[in-house]
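The block underneath contains the structure these notes are about, expressed in structure tokens.
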Amino acid sequence: MKKHVLSIITVCRQAREALKTTMDQILLQSWREFEYLVIDGSSSDGTQELLTDYTGRFADAGISCRFLSEPDHGIYDAMNKGTRLAHGTWLLFLNAGDLLSGPDILQQIFGTPLASDIQILYGDTLCTYQNHQKPYPALPLDHITFEMPFCHQSAFIRRELLAAHPYDVSYKVCADHQFFLNMYLQKKTFSYRRVFRSEQAALPQRKAAHAERTGNLPPVRILADERNRLLSEIRDPAPFRAALCGSGTKKPSALAADGSAVILPTPHDIPFPY
């Protein structure tokens, strides 16, 4: 079994055309010490036939490509499956329709060995909609106590770390934030690189993906509910409420009846651009 430096993982359901866009762009990468995994939620839109065809295209390019198509219990269940199947030292999750920001981006990141103590490597994101791009630079890491400071498509995670702390599948949209927050509280090593790692999928694709996974519940409401749950699950939330209510850059949008902070998402948090 070949030991890959990186496993790129795409989880999808009923997203054939968006997946094709992502795979076409991955095939353009100049650095190829990675494998590509697709975890499909038993789609019926021709995704499996597309994957069968593209497995050969990846093989011709010298890139290992594997896919699994079966029912799942949501996006984070599928991402955990990808982690278990991956062989790479590092993991990168790209949604169907998401892109790497250029053909040399992996070469820029992995062309020289990374420090052995880095456990999570993150960067900036470009959001593309109707042929317009908007940069979303990563926020200061301490923002993680109340919002995601970077997009998960722009974060590389050591596989052994995520395997030991899999995504909590009881979350619909915030399990990635819960994972990164827990790693931050456990003082795992994060490293920021000033480079645009990924481009998020266009608005219609992300709306469709959100509706598929959450039953058309309003994304802002889900984010608010799950963000508040994150705060409540911190063993001692007082320091974080103090940070939110004090002289920091962020304040709670409201207070609950018990005096705890109610954290409503900012536009940076929304899982697709408005």
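Every number here is computed from the coordinates shown, using simple stated rules; none is lab data. Remember, predicted model here, so these are calculated numbers, not experimental data. Quick reminder, even Gly has a Cβ in these numbers, built from the backbone with ideal geometry, and neighbours come from all protein chains shown.
List of remarks:
- Its Cα centre serving as origin, region 6-210 has a Cβ charge dipole (Lys and Arg +1, Asp and Glu -1) of approximately 320 debye.
- By other beta-carbon atoms within 10 Å, ranking Y129, Y171 with the fewest at the front produces Y129, Y171.
- 10 Å binning of all Cα-Cα separations within region 6-210, expressed as whole percents from 0 upward: 8, 37, 40, 14, 1
- 12 Å beta-carbon shell around I26, net charge (K/R +1, D/E -1): 0
- Ranking of I9, I118, I75 by count of other Cβ atoms within 10 Å, fewest first: I118, I9, I75
- For T52, T125, T189, the sequence from fewest to most other C-beta atoms within 10 Å is T52, T189, T125.
- Rounded to the nearest Hz, the phi-derived 3J(HN,Hα) couplings of region 41-54 under the Karplus curve 6.51 cos²θ - 1.76 cosθ + 1.60 (θ = phi - 60°) are x, 6, 5, 10, 10, x, 4, 5, 5, 4, 5, 4, 5, 6, where x marks glycine and proline.
- Taking region 6-210 and dividing mean pair separation by its residue count, relative contact order in percent (alpha carbons under 8 Å, at least six apart): 26 percent
- Using θ = phi - 60° in the Karplus curve 6.51 cos²θ - 1.76 cosθ + 1.60, the 3J(HN,Hα) couplings for region 58-65 round to 5, 4, 4, 8, x, 10, 5, 9 Hz; x is entered for Gly and Pro.
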